[in-house]
1. I need the fraction of alpha carbon pairs in region 53-92 separated by more than 13 Å, rounded to a whole percent.
2. Quick check on region 20-113: what are the equivalent-ellipsoid semi-axes from the Cα gyration tensor, as sqrt(5λ), descending, whole Å?
3. Positive end of the charge dipole of region 1-96 (Lys, Arg +1 and Asp, Glu -1 on Cβ, about the Cα centre): tell me which of F43, Q26, C72 has its Cα farthest that way.
4. Please report, in debye to the nearest 20, how large the charge dipole of the chain is about its Cα centre when each Lys and Arg carries +1 at its beta carbon and each Asp and Glu carries -1 there.
5. When the scattering of the chain is computed by the Debye formula from its Cα atoms alone, each counted once and equally, what is log10 I(q)/I(0) at q = 0.13, 0.15, 0.17, 0.19 Å⁻¹?
6. Which of the lysines could be linked to K163 by a straight reach, that is with a Cα gap under 29 Å, when you skip same-chain ones fewer than 8 residues away?
7. Can you tell me, using C-alpha contacts under 8 Å and at least 6 residues apart, the relative contact order of region 98-179 as a whole percent?
8. Quick one: compute the contact order of the chain, relative version, from alpha carbon pairs under 8 angstrom and 6+ residues apart, as a percent.
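What follows draws every value from the coordinates through simple rules; no lab data is involved. All values reported here derive from a predicted model rather than from experimental measurement. All Cβ positions, glycine included, derive from the backbone under ideal geometry; neighbour counts span all protein chains shown.
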Amino acid sequence: MRIPKAIQSVIESFERLPGVGPKTAQRLTFYLLHVPQGQLDSFARSLENLKKNTVLCSVCFTVDETDPCSICCDPQRDTSLICVVEQALDVLALEKNGKYKGIYHVLHGKIDPLNNIGPDEIYLRQLIERVKGKGESVKEIILATNPTMEGEGTAMYIAKKIKEIGSDVKVTRIGRGLPIGADLEYADEVTLQRAMEGRSEY
Ligand SMILES: [Zn+2]
């Protein structure tokens, strides 16, 4: 039996998602066949609007509905403190407990030579520009990239770059309590908070 085109196309779309294999893609697709049309329509609409109704903040490059984002616009935030993370999801993780009062910089990736991702493929140059600073007076950069090999490498590279421009910005690295090889987004709030408090000069 040949799989109908409409089904095959959904299976293929699911397969392109990270962590979804062919079996799961098939299972999800056939599950959707049992979902009422109204629910499917609203699912399709949310997908359609996902990128249309969001925008990258031109200051910190997180994803939000407005540019600049709600964090960059918030007068209560300490703009002298920039926390550098790999992805917008990490901002959500750090925002969950609401203790961090600084602002962010989202790299949208990490330096990963094995996968041909160099410093120019992520929003790293933009961070250096921010530190060089027109308008923003940065005092501390908190490197909160993941404690993986690529995350460490990225942190090291950024620290080096910031020293190179000869700024007296303090560079710190979060760490304590975060399991090596783990992703920030999976850390629980308390661990994340401790890691933030326990940051040390880098
Ligand atoms: Zn922003």
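1. Summing the P(r) tail past 13 Å for region 53-92 gives 52 percent.
2. 34, 17, 12
3. About the Cα centre, the residue reaching furthest to the positive side is Q26.
4. 160
5. Listed by q, the Debye log ratios stand at -0.80, -0.98, -1.14, -1.32.
6. Result set, ordered by chain and number: K99, K101, K110, K132, K134, K139.
7. 29
8. 15
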